[in-house]
Amino acid sequence: MRVNRDLLREHQKIDRDFFVEYNNVYELFSAQAKKFPQKIFAIFPEYNKTFSYEDFADKVVERTRYLRQQHVSKGDRTGLVLGTSPDFILLYFAAFREGATVVPINPDLSPPEIAYIAADANVKAVFYNDRFSKKILEVQKAAGLGRTVFIDVSSIDVKNAPEAEDSAAPDVLCTDEAVIIYTSGTTGNPKGVVLSHLNLLADSQAISEWFCFTPNTRTLCILPLFHNNGQVVTLLAPLNAGGSTVMVPPKTSLGLFWSLVREYSIHWTSVMPSILAIILSAKLERKDSSMVGIVCGGQVLNDEVKAQFENTFHVPIFEGYGLTETTSFASLNQFPANNRKLGTVGRALPSNDIVILDEAGQEAARGIEGEICMRGLNIMTEYLGLSEVNKKSLRGDLFHSGDYGYIDADGYIYFRTRKDYLISKGGEKIYPSEVENVLFGHPAVDECAVIGVPDKLLGQDIVAFVKLNSKCSKDSLKEFFIGKLAHYKHPKKIFIVNELADLTDIPKGPTKKVLYRELLKYYIENL
Amino acid sequence: MNKKIEEKLAKIIKEIFGVKITDSLSMDSVEGWDSLRHIQLMAKIEKEFDIEIDFQDTLAMTNIKSIKEIIEKYTDKK
């Protein structure tokens, strides 16, 4: 299908010419498979499998037939409760070919959390790995999922399946929904960020061009695929150039970081700051000579960690800024490394404009701090089903991030503060309200407040303050979280204010709003 | 698996994850078995059993069954 440039221009919203060449992500993959059939597309060391572009394209077509047998078609949504695996990527591209939306779901979430996402996105089918079958049995019992089909990917027998109707693939437009990625929400429930094919194509192309990726570029995908960063920076960006990706499971691979880089001659990877801190603290030894750079974002990178990492391993780190709502990165530091401006999150990618708005909502002059806002091809379509939040966040032609910073005279962005009190633990976003909601369900808890506290390895960790109405141990409170929230959202420490000598109550303002800043100050000064 | 190795592994699992070893334990069922703990687990296993596990095997060590099999493979070689 010819690229609809009029449709693109309508959604461009930026003054410069930055055009994507494809209507949808499957078209990009298919074009590269035709151009580089024998080149390696993806390597999965855990599965001992290497796929050429051609091999993988054939398997995607097989999965497409399977989706048709399951009556998954254009406009339907498919949930993927899969770790990093060939099945994830095969179903990802197969769904795109059919015009279906992919809803990647973190397999570490608890059954009620998975059920919430599946119901909210109204997924037609959930594909899962047999490792998670026990969890999925619980999910299936949830209300609102009566019509959802749950499919264990090990049961998919594409070779012996009867040939499905092999009708032509539907037209999938650049503005069609591609993925819905769930992020933590202020009300405690996660919000579904709807990203179009144009969003994925534009952001990945911009990143690929920014770092001068070529068909020889090989990336290491060590971030989970249910995040935008793993999908866009280490899978789709090299795909744009005809490069290849080594895909490894995050939990088991971190200790092997430099071994993997050497074994597979990796050039680039993308990480959260906490990963750099862990590699440093684990005293891993660099063994390669291939690594060109590491892209880093998702939370503030501590200057000390950055300097120590670069001095130890002699690999430049390219910091950037972005949110799920901007597909992945909206800004990045300049490549090559001597063009970086340290202490900044770089400049706006060509796929979007970044502006700072002052308190009056006017564009601020260079050097003046205000809210970071963006417009462009990588800005999400909407938050799924949240019209009030959409009205607030997508005002005028801008996405209002709620984050604060400024832009200097050279166009470099200085990030200042994260919005609200969102906790960013090892790159995972946790809203205090999610944790508080569980604590409030405990019969002995009268009041509680949850804050993010500085943590050397994870950037931030979770601490809860509770006021009890009857006797209860901290261990009992900690146990109360099991099965209700994913483990990474459990508080590291719980303080019972009744037992603290100099804090008799949870501090509150005149309107009885909890003063989270006061609690953080108290924690830093006293605990 | 010989009793001495089994006991040593049980001690490591208890120390790192705070749970009693059973064959059904896996990365997906043990709370807190994250990337950092996995690094600690691998380092401890290599130190205690005086072995060096290659990356392919490290990726496969996602549950107690596979961990036991892989430790046996390396200790048998010695």
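The values are calculated or read from the model by the stated rules, or taken from the named source; none is laboratory data. The model shown is predicted, which means the values in this text are computed figures rather than measured ones. In this analysis, Cβ positions are derived from the backbone assuming ideal geometry, glycine residues included, and neighbour counts consider all displayed protein chains.
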From the list A:VAL453, A:VAL497, A:VAL514, which residue is over 30 Å from the mean Cα position of the chain (by Cα), away from chain B (no Cβ under 14 Å) and either under 20 Å from A:GLU113 (Cβ atoms) or surrounded by 13 or more Cβ atoms within 10 Å (Cβ to Cβ) (or both)?
A:VAL497
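Is one or more of the residues making up region A:270-277 among the small types (Gly, Ala, Ser), assigned to a strand (DSSP E or B), assigned by TED's automatic domain parsing to the domain that holds A:ARG340 and surrounded by 24 or more Cβ atoms within 10 Å (Cβ to Cβ)? Give the derivation first.
Let us first name the residues in region A:270-277 that are among the small types (Gly, Ala, Ser), namely A:270, A:274, A:277.
Now drop any that are not assigned to a strand (DSSP E or B), which leaves A:270.
Next cut, assigned by TED's automatic domain parsing to the domain that holds A:ARG340 only: A:270.
From what's left, surrounded by 24 or more Cβ atoms within 10 Å (Cβ to Cβ): A:270.
Yes - at least one qualifying residue is present in region A:270-277.
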Test B:LEU59 against the criterion of being within 10 Å of another protein chain (Cβ to nearest Cβ), surrounded by 19 or more Cβ atoms within 10 Å (Cβ to Cβ) and either farther than 24 Å from A:VAL246 by Cβ or without any contact (Cβ under 8 Å) to a residue 24 or more places away in the chain (or both), and give yes or no.
yes
Which of the residues belonging to region B:62-76 are in contact (Cβ under 8 Å) with a residue 24 or more places away in the chain and either over 8 Å from the mean Cα position of the chain (by Cα) or closer than 12 Å to B:ASP23 by Cα (or both)?
B:THR62, B:ASN63, B:ILE64, B:LYS65, B:ILE67, B:LYS68, B:GLU72, B:TYR74, B:THR75
Those residues of region A:481-494 that are surrounded by fewer than 20 Cβ atoms within 10 Å (Cβ to Cβ) and free of Cβ contacts under 8 Å to residues at least 60 places away in the same chain come to a total of 3
Selection from region B:9-40 of residues buried (at least 17 other Cβ atoms within 10 Å of the Cβ) and either more than 9 Å from chain A (Cβ to nearest Cβ) or assigned to a loop (DSSP other than H, G, I, E, B) (or both) yields B:LEU9, B:ILE12, B:ILE13, B:ILE16, B:PHE17, B:ILE21, B:LEU25, B:MET27, B:ASP28, B:VAL30, B:TRP33, B:ASP34
So if I check each of A:LEU67, A:LEU80, which one is surrounded by 17 or more Cβ atoms within 10 Å (Cβ to Cβ), part of a helix (DSSP H, G or I), outside the structural domain of A:GLU428 (by TED's automatic domain parsing) and in contact with a strand residue (DSSP E or B) (Cβ under 9 Å, 6 or more places away or on another chain)?
A:LEU67
When region A:272-282 is checked residue by residue, the ones that are without any contact (Cβ under 8 Å) to a residue 60 or more places away in the chain and away from chain B (no Cβ under 11 Å) are A:LEU276, A:LEU280
Would you tally the residues in region B:41-56 being within 10 Å of chain A (Cβ to nearest Cβ) and either touching a Phe, Trp or Tyr at 6+ places or on another chain (Cβ under 8 Å) or surrounded by 17 or more Cβ atoms within 10 Å (Cβ to Cβ) (or both)?
4
Is it the case, given these coordinates, that A:LYS35 is more than 26 Å from A:VAL139 (Cβ to Cβ), among the charged types (D, E, K, R) and touching a Gly at 6+ places or on another chain (Cβ under 8 Å)?
yes
Give the residues of region A:237-268 that are more than 14 Å from every other protein chain (Cβ to nearest Cβ) and among the β-branched types (Val, Ile, Thr), sorted by residue number.
A:THR245
Any helices (runs of 4 or more DSSP H) falling wholly within region A:166-242 and containing at least 2 residues that are more than 22 Å from A:GLY83 (Cβ to Cβ)
A:197-210, A:237-241
State yes or no: is A:ALA143 more than 13 Å from chain B (Cβ to nearest Cβ), out of contact with any Phe, Trp or Tyr (no Cβ under 7 Å at 6 or more places or on another chain), surrounded by fewer than 18 Cβ atoms within 10 Å (Cβ to Cβ) and assigned to a loop (DSSP other than H, G, I, E, B)?
yes
Could you tell me which of the residues A:ASP446, A:ASP461, A:ASP475 is within 14 Å of another protein chain (Cβ to nearest Cβ) and in contact with a strand residue (DSSP E or B) (Cβ under 7 Å, 6 or more places away or on another chain)?
A:ASP461
Quick one: which residue in A:GLY79, A:GLY99, A:GLY75 is under 27 Å from B:MET27 (Cβ atoms) and under 25 Å from the mean Cα position of the chain (by Cα)?
A:GLY79
Take the residues in region A:306-328 that are crowded, with 24+ Cβ neighbours inside 10 Å and part of a strand (DSSP E or B), then tell me which one is farthest from the chain's Cα centre (by Cα).
A:PHE318
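For region A:93-104, state whether one or more residues are more than 14 Å from chain B (Cβ to nearest Cβ), in a helix (DSSP H, G or I) and modelled with pLDDT under 95.
No; the residues of region A:93-104 include none that is more than 14 Å from chain B (Cβ to nearest Cβ), in a helix (DSSP H, G or I) and modelled with pLDDT under 95.
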Being buried (at least 24 other Cβ atoms within 10 Å of the Cβ) and under 23 Å from A:PRO250 (Cα atoms) is the filter here; which residues of region A:204-222 pass it?
A:SER204, A:ILE207, A:THR219, A:LEU220, A:CYS221, A:ILE222
Got a sec? Which of B:LYS77, B:LYS68 is away from every other protein chain (no Cβ under 13 Å), of a type outside the set (Gly, Ala, Ser) and under 29 Å from A:LYS135 (Cβ atoms)?
B:LYS68
